[in-house]
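Everything below concerns the one structure shown next.
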Amino acid sequence: MLSHFKKLFSSALLFSGLALLTTQAFAAADTLKQEDFVGISFWIISMALVASTAFFFLERDRVSPKWKTSLTVSGLVTLVAAVHYFYMRDVWVATGSTPTVFRYIDWLITVPLLMIEFYLILSAIAKVPTGVFWRLMIGTLVMLIGGYVGEAGYVAVWPAFIVGMIGWFYILYEIFAGEASKINAASAPPSVQSAFNTMRLIVTFGWAIYPIGYFFGYLTGAGPESSANALNIIYNAADVLNKIAFGLIIWSVAVAETERSGK
């Protein structure tokens with residue numbers, strides 16, 4: 001009985017918090033123009049992130065204890081992103097611009113959490129050296145810092161772009177040919193291997209959307225307005241795949257492994 005009450009109380013707190021977060025969203029609705037496709041994309045992703053957060057947190061009760069942390073991290077990723085998207089959307093609707101710092105504060109928190117998911121799903125089925133965790137973190141920070149200093153104008157865009165790409169390639173090496181990949185191949189059951197493989201495909205092709213957005217936003221020589229539109233729509237589309245779909249993969253393997261083990 002007490003356990004059931006705690007679950008109901010936690011659910012009530014979750015939905016109350018998400019309702020408060022979305023209050024600001026509705027306040028800006030009357031200023032959103034139907035021809036503002038960038039603003040509409042901000043609206044769609046912010047609502048999708050809220051829904052995903054509720055789903056991941058509530059589904060924690062469905063999986064065995066060793067998978068709960070993974071679902072919690074997935075929920076935190078979408079929650080942090082949702083809060084930032086509320087601000088970015090309102091700034092866009094009001095001014096037609098999106099401060100770079102909002103995106104990078106979001107990514108500085110959420111991208112390392114996404115990388116931690118590789119470590120967590122492997123830790124659920126095998127002993128994983130902490131070196132795997134730190135190598136993924138180093139690659140992530142190099143990628144993000146390189147991108148930010150270029151977009152914020154602290155460094156010329158081409159050198160910053162190259163540094164960011166080096167960080168991304170370092171991550172790809174670790175998950176395709178490094179220790180993380182070897183542990184997955186040697187120790188993981190088929191469902192975990194399938195999830196790991198899909199996750200690294202998202203990091204390969206889904207994350208490729210970000211340098212494409214960077215290129216169209218800063219390196220084509222297009223006018224500021226068209227560049228900003230292209231940059232924001234591409235980045236928004238990428239976050240749907242790289243945050244929500246990434247978490248759904250974690251959820252699917254957590255449920256499958258819980259049902260397989262009967263716990």
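In whole Å, what is the distance between the alpha-carbon centres of segment 119-153 and segment 158-225?
11 Å
What list of ³J(HN,Hα) values in whole Hz, one per residue of segment 189-198 in order, does the Karplus curve 6.51 cos²θ - 1.76 cosθ + 1.60 (θ = phi - 60°) give from phi, with Gly and Pro shown as x?
x, x, 5, 5, 4, 5, 5, 4, 5, 5
If you keep only loop residues by DSSP, which trypsin sites (Lys or Arg not before Pro) in segment 124-192 have at most 13 other Cβ atoms within 10 Å of their Cβ?
Working: sites: K127, R135, K182; in loops: K127.
Taking segment 124-192 and a limit of 13 other Cβ atoms within 10 Å, the loop trypsin sites (Lys or Arg not before Pro) found are K127.
Whole-Hz ³J(HN,Hα) for each residue in segment 62-79, computed from phi via Karplus 6.51 cos²θ - 1.76 cosθ + 1.60 with θ = phi - 60°, x for glycine and proline: what do you get?
8, 10, 5, x, 5, 9, 4, 4, 4, 6, 4, 5, 4, x, 5, 4, 6, 5
Non-local amide H neighbours of L32 (under 5 Å, H modeled in plane, Pro and chain starts lacking H): which ones?
Answer set, sorted by chain and number: none.
Starting from the Cα gyration tensor of segment 32-262, take the square roots of the eigenvalues, sort them a ≥ b ≥ c, and report rounded, prolate or oblate (rounded when a/c is under 1.5, otherwise prolate if a/b is larger than b/c, else oblate).
Details: a/c = 2.54, a/b = 1.46, b/c = 1.73.
Oblate, because a/c is 1.5 or more while a/b does not exceed b/c.
Taking the alpha-carbon distance from K68 and a cut-off under 20 Å, which aspartates and glutamates remain once sequence neighbours fewer than 8 residues away in the same chain are dropped?
Once the sequence-local aspartates and glutamates are set aside, what remains near K68 is E59, E117, E257, E259.
Could you derive backbone 3J(HN,Hα) for segment 205-214 from the dihedral phi with the Karplus parameters 6.51, -1.76 and 1.60 (θ = phi - 60°), listing whole Hz in sequence and x where the residue is Gly or Pro?
Karplus-based 3J(HN,Hα) across segment 205-214 equals 8, x, 6, 5, 5, 5, x, 5, x, 4 Hz.
Read-outs: derived from the displayed coordinates by stated rules, not from any lab. This is a predicted model, so every value here is computed, not measured. Every residue, glycine among them, receives a Cβ derived from its backbone with ideal geometry; neighbour counts consider all protein chains shown.
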